[in-house]
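One structure is given below, encoded as structure tokens.
The values are calculated or read from the model by the stated rules, or taken from the named source; none is laboratory data. Just so we're clear, the structure is a prediction, and the values are computed from it rather than from any experiment. Reconstructed Cβ throughout: ideal geometry from the backbone, glycine too, with neighbour counts over all protein chains shown.
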């Protein structure tokens, strides 16, 4: 059973999950490009994964057989486990609890050799739908306080399988980093009676120098104080605190701007490793007025070194203004009709 | 001039330092093993670096010529610059200031092919002395609020030159991660009237299962809630809030336990990339009673992925108890007289 342990000084929880792991001699094994024959996420190998939770597949195909367009499965090596109780325990000065949670994998495509940046808008929309369905289902479990969806692309970004997939983890606590973001947004709201993200979007739309692109319902921009070069955020231009709150008719705009932004990054930076991370309010409605959900895309072009580990203070060699200009000016193969290109001012 | 920018939601400052950097096409260039001929840190190439601030060298040698045992220089591509004023500016909702600070490099050895884990105790002591001298000097500059010393070993840990060196950065603000640690320690002190680190050391000495080694004045241990496999902390067993506060006669014990711990990690994990980071109180005496300085060593065996970026919640596949046992039981080539081996209970 994985275990949650709390750092008593910082108050940061960590997951000790030895089933995923590792004696000293196991480190340093690198992911091999396996091609599709041995890949557990490829059609024909469905029995190599836990059974599917949901799948998008024609009516005439059976669960856990080929023919699907998208599958959601439990992670075979989950960081947190779905069965059991929290069982909070103190050990002298220290605190721990059982590693209860959900850890799912969204297999985005049957095609081993396509990445998110290569998908069409319909494919991207399917993936967003799958996120939303799983979030709505997991929110019913009262043990879960927070649900995060994220994608690791490329080995340097932590992907251990190359077949395009994203992941979802439901946690029994609101993680520290999330609580900080909520707290920062709350402070601003208490002072101004306005959502800080709405204010940022308004200011960024003004001179547009950090804007990458826009459509009717979403904006892609480089944040004013990016930790990493080409860090890019996608935000709904209307105030919503959670992905699952947005209107269904707004979902295609999300799918197209996410896909298109990943394409811009891929073309600009030669298919860089990256993470994207859904930032959403906790399951309980905390933050509904003052928090604004969004996606943060973090290309992994530089290494996080001692200074960053020690201080939380990032050294970034690229200004967000330069990065935005570069991403804006990239020629996409096809400019989709439903994406309005942002003009440089 | 580098620029400090503040994320308005989290309150995290970042350093935008374009002189270090990078158009999109520059990313993905990897460090080459250059050998000593082209290395700016090797003897004979002193003119390739900024002039030395201090050096340990025989009296009959001239500054910036060969013969030295250790050199401290300004970083040729500093993240922060020593000249100028802070010049705080608001831009609408955003805040920035000039990137004022000091960024120095401690070239630990003239030998291109030796790493910290290979040094003898005398060499390690020289390095600690250099840290201390530079800290005491930079503390006189009232613009600096925090001084961090750190080492990046190996490319995956962010080292851009292979010749063994550490770095020192003085910052005009107390970084967020440091402030959090101070705040956590203060809360505990307010509740218990005791230093939390002193309490941790007392508890860890009890059953010893997370202790790696001890000597008269220091302890090396795996923290209860480690973010990364084999994360190891070195703490003074007496309460001091800053490295420069400890008695001179305690310095050799620090040098030997640091060197020995790095040797244990190197032997256990086949010379892994790592960062070590000095955690010390701010320049002003804030935290003197409740904060306890220490060194955190972070081997880089796993990748920080989307989940960790999004939540600050780390998934660690190795228990600290297993890691401590492994490190304790490693056979060192020579067991130094002044290091008492910790017994397993």
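Just to check your reading of the model, which residue among B:67, B:101, B:84 is crowded, with 20+ Cβ neighbours inside 10 Å and either more than 14 Å from every other protein chain (Cβ to nearest Cβ) or in contact (Cβ under 8 Å) with a residue 40 or more places away in the chain (or both)?
B:101
Does any residue of segment A:171-192 turn out to be without any contact (Cβ under 8 Å) to a residue 24 or more places away in the chain and part of a loop (DSSP other than H, G, I, E, B)?
No.
Against the definition (closer than 16 Å to residue B:305 by Cα and either buried (at least 19 other Cβ atoms within 10 Å of the Cβ) or more than 10 Å from every other protein chain (Cβ to nearest Cβ) (or both)), how does residue A:185 come out, yes or no?
no
Looking at the structure I just gave you, is residue A:155 closer than 26 Å to residue B:9 by Cβ and within 9 Å of chain B (Cβ to nearest Cβ)?
no
Could you tell me whether residue A:241 is buried (at least 19 other Cβ atoms within 10 Å of the Cβ), at pLDDT 95 or above and in a strand (DSSP E or B)?
When the stated conditions are applied, residue A:241 does not pass them.
Select from segment B:296-317 the residues that are in contact (Cβ under 8 Å) with a residue 40 or more places away in the chain, within 23 Å of the chain's Cα centre (by Cα) and within 7 Å of another protein chain (Cβ to nearest Cβ) and list them in ascending order.
Scanning segment B:296-317 gives B:298, B:301, B:314, B:316.
With the condition kept exactly as written, say whether any residue in segment B:89-106 is over 30 Å from residue A:11 (Cβ atoms), modelled with pLDDT of 95 or more and in a loop (DSSP other than H, G, I, E, B).
no
Given the criteria touching a helix residue (DSSP H, G or I) at 6+ places or on another chain (Cβ under 6 Å), assigned to a helix (DSSP H, G or I) and at pLDDT below 95, does residue A:132 qualify?
When the stated conditions are applied, residue A:132 does not pass them.
Here is a check on your reading of the model: is residue A:150 within 14 Å of another protein chain (Cβ to nearest Cβ) and assigned to a loop (DSSP other than H, G, I, E, B)?
no
Being assigned to a helix (DSSP H, G or I) and out of contact with any strand residue (DSSP E or B) (no Cβ under 9 Å at 6 or more places or on another chain), is that true of even one residue in segment B:157-170?
Scanning segment B:157-170 turns up no residue that is assigned to a helix (DSSP H, G or I) and out of contact with any strand residue (DSSP E or B) (no Cβ under 9 Å at 6 or more places or on another chain).
What residue, among those in segment A:244-274 that are within 14 Å of chain B (Cβ to nearest Cβ) and in a loop (DSSP other than H, G, I, E, B), is nearest to the chain's Cα centre (by Cα)?
Applying the filter and picking the extreme gives A:273.
For residue B:7, state whether it is modelled with pLDDT of 90 or more and within 14 Å of chain A (Cβ to nearest Cβ).
When the stated conditions are applied, residue B:7 does not pass them.
Would you mind telling me which numbered condition in (1) surrounded by 19 or more Cβ atoms within 10 Å (Cβ to Cβ); (2) touching a residue at least 40 places away in the same chain (Cβ under 8 Å); (3) not in a loop (DSSP other than H, G, I, E, B) residue B:200 fails?
Here residue B:200 clears every test but (2).
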